[in-house]
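Values quoted throughout were computed directly from the atomic coordinates according to the rules given, and no laboratory measurement underlies them. In this text, all values refer to a predicted model and were calculated from it rather than measured experimentally. Here the Cβ is made from the backbone with ideal geometry for all residues, glycine too, and neighbour counts use every protein chain on show.
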Amino acid sequence: MSTAAPLSERVRPPILVLTLVLALSLVLAACGSGDDDAAPRAEPAKGQGAFPVRIDHKYGTTEISAQAKRVVTLGLSDQDAVLALGIKPVGAVDWFKERPYGKWAWTQGLWGASPPTIVGERDNFNIEKIAVLEPDLIIALYSGMKKEQYDALSRIAPTVGQPLKYDDYAAPWQEMTRMTGRALGMEARANELITKIDQRFAQVREEYPEFAGKTTAVVDPYEAGKYAVFAPSDPKVVFMTSLGFSVPEKVTKAVGKEYAAEIGSERLDLVDVDRLVFLTGDPTARKRVEADEVFGTLEVAKEKRALFAPYEDPPVGAALSFNTVLSVPYAIDQIIPLLTAPAS
C-alpha cells in the first residue's frame, strides 16, 4: 500500500503546498545532521529602517512602531526570511514533525543552540503559548490563518497576515521576503538578498547556456502509474525556468488552472521533454518509474534525460518545495551538479 498522501492534499494548499507532504511523511524519521561547514550564515540584524511602518495584508493594515526583538512566525516557512535577516524567532509552528530547527540543511547553522518554542501545529496556533513568549511581532505570511485567529493574535502583538494579492500559500518567496523585511525594518537588506539570488540565477544561465530553450517538466510519481505534473506557476517549475529551461505548451494546457495535472501512465507523453525532473520521497520511486512500460517508450527515458531528485540525502526536493530566500540558493547548489552530471 502506498504511503503517499492523497493527491488532493499534495497538489493544493494548504498542506505544505504541493508535494512536501509526501516527502515529510516518508523521511522525517531520518533527520540528517547536515554539514555545519556548509550551513548558511545570516547577516547580523542591522540597517534598521524608519519606524513606524504600515503593512497591508489579507486582514487589513498592521502598524509596527519599532524594530522587533521577539518574533513569532506562524507560517510554514516564515522563519527562513526572519533567520536570513539575522533574527532568531522565539516561537514557530511545527508542520509535519520536522521542527523548524535541526531539520533543514539551509537553516541548521542559523538556529544553532537556540531553537524556538513550538507554538502550534500547522494552522492550529496555541494562543496561550504565544502570549507567554511576549512577542513584539507575529508573522503569519505562508499560512492559512483565519480572521478570528488574527484578531486574537493582534491582541498580543502586531500581527502581519497573508499577502493581500495572493491566495493562501501562493505568494512567491520574493514577496514574503520583502514583507518580512519591511516588518523588521530591514527592507533594503531583504531586497539585497533577493537581488543576490536573481544574480545567481543569471550566473547559472550564463555558465550553462545549454539550458536555454530546453523543455522541462517537474513531476511527482506519487503512486505506481500515477503522476502529478506541476503547473508552470508552481515554485518548483519557476525555479527550473529561472535556470533557463522552458515549459512546453502541452504541459501548460494539460494543467489548465490547477496546481498540477494528475495523469496516468497512458499520458506520460506529456512529459517527454528535454529534461524531466522527478521529485522522489519514496526510496522505491525510481525503480517504480523505470518499471513503468509507458515511461520506457519515451525518448527522455531512452536517452536517460530524466533526473530523480530526492527529498532527502540531499534534500533537493525539499529545498525546491520549501522555496524560501534560504532554500533557493541551497537548491541551486545541489541541483546544478545533478543536471550537468553524465547520464546514468
Which pairs break 26 Å Cα to Cα here: Lys97/Lys146; Lys97/Lys287; Lys69/Lys236? Lys97/Lys287; Lys69/Lys236
Holding the Cα-Cα limit at 28 Å, pick out from Lys147/Lys226; Lys214/Lys253; Lys196/Lys253; Lys165/Lys196 the pairs that are longer than that. Lys147/Lys226; Lys196/Lys253
Quick one: if the Förster radius is 30 Å, what FRET efficiency do Glu290 and Glu175 give, using the C-beta to C-beta distance and rounding to 0.05? 0.20
How far is it, in nm, from the label point at Ala341 to the one at Asp167 when both lie 7 Å from their Cα along the line to the Cβ? 3.5 nm
Scalar couplings 3J(HN,Hα) for segment 245-254 by Karplus 6.51 cos²θ - 1.76 cosθ + 1.60 (θ = phi - 60°), nearest whole Hz, x for Gly and Pro, are 6, 10, 9, x, 4, 4, 6, 4, 5, 5
What are the ³J(HN,Hα) values, in whole Hz, obtained from phi via the Karplus relation 6.51 cos²θ - 1.76 cosθ + 1.60 with θ = phi - 60°, for each residue of segment 196-208 in sequence order, with x given for Gly and Pro? 4, 6, 4, 5, 5, 4, 4, 5, 5, 4, 6, 6, 10
To the nearest 0.05, the calculated FRET efficiency linking Ile118 and Ala152 through their beta-carbon distance, R0 being 25 Å, is 0.85
Could you please state, rounded to a whole Å, how far the C-alpha centre of segment 171-223 is from the C-alpha centre of segment 53-90? 20 Å
Please list the non-local residues whose amide H lies under 5 Å from the amide H of Ser246, H modeled 1.01 Å from N, same-chain partners needing a gap of 5 or more. Gly213, Lys214, Thr215, Thr216
Taking neighbour Cβ counts within 10 Å as the exposure measure, how do Ile130, Ile138 sort from fewest upward? Ile130, Ile138
Trypsin sites (Lys or Arg not before Pro) lying in DSSP loop within segment 257-344, provided at most 15 other Cβ fall within 10 Å: Lys257, Lys304
Provide the per-residue ³J(HN,Hα) series for segment 123-136, in order, calculated from phi with Karplus coefficients 6.51, -1.76, 1.60 and θ = phi - 60°, each as a whole number of Hz, with x at glycine and proline positions. 9, 9, 8, 8, 4, 5, 4, 5, 5, 4, 6, 6, x, 10
Computed over segment 109-227, Kirkwood Rh from alpha-carbon pairs, angstrom: 17.8 Å
